[in-house]
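**Student:** One structure follows; several queries about it will come next.
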């Protein structure tokens, strides 16, 4: 079983050196803790900066890759549209050569309709 002296806190002198020394030790300990916290916060800030930099670089690389893919797809689409336009042009030319009177009559009819619509 514990004695009452073991359970009771030791009394310090109010006006004596032990209390002042304890306050100085506490103050030093608190300063050390603050210094450690500052160091930890700097480390955390550096880690966050590095992580965000890595994420920015990763996003930039992904965006560049997607840009290249979309550009290549766009070039393929433009090439396909040009091919289709060339085929349509060839079909129109062939039709005009085969039936020139029909082509002229169609052009006159289309011109007449456009003139009527433009007057409205």
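The values are calculated or read from the model by the stated rules, or taken from the named source; none is laboratory data. Computed from a predicted structure; not experimentally measured. Using ideal geometry, Cβ is built from the backbone for each residue, glycine included, and neighbour counts are taken over all protein chains shown.
**Student:** Based on this model, can you work out whether residue 12 counts as at pLDDT below 90 and either in contact with a helix residue (DSSP H, G or I) (Cβ under 6 Å, 6 or more places away or on another chain) or surrounded by 10 or more Cβ atoms within 10 Å (Cβ to Cβ) (or both)?
**Tutor:** On the way: at pLDDT below 90: yes; either in contact with a helix residue (DSSP H, G or I) (Cβ under 6 Å, 6 or more places away or on another chain) or surrounded by 10 or more Cβ atoms within 10 Å (Cβ to Cβ) (or both): yes.
When the stated conditions are applied, residue 12 passes them.
**Student:** Residues of segment 95-107 being in a helix (DSSP H, G or I) and surrounded by 10 or more Cβ atoms within 10 Å (Cβ to Cβ), which ones?
**Tutor:** Answer for segment 95-107, where residues must be in a helix (DSSP H, G or I) and surrounded by 10 or more Cβ atoms within 10 Å (Cβ to Cβ): 95, 96, 100, 102, 103, 104, 105, 106, 107.
**Student:** Can I ask one more? Could you say which residue among 75, 91 is over 27 Å from the mean Cα position of the chain (by Cα) and free of Cβ contacts under 8 Å to residues at least 60 places away in the same chain? Walk me through it before giving the result.
**Tutor:** Details: 75 fails: over 27 Å from the mean Cα position of the chain (by Cα).
Going through 75, 91 in turn, just one is over 27 Å from the mean Cα position of the chain (by Cα) and free of Cβ contacts under 8 Å to residues at least 60 places away in the same chain: 91.
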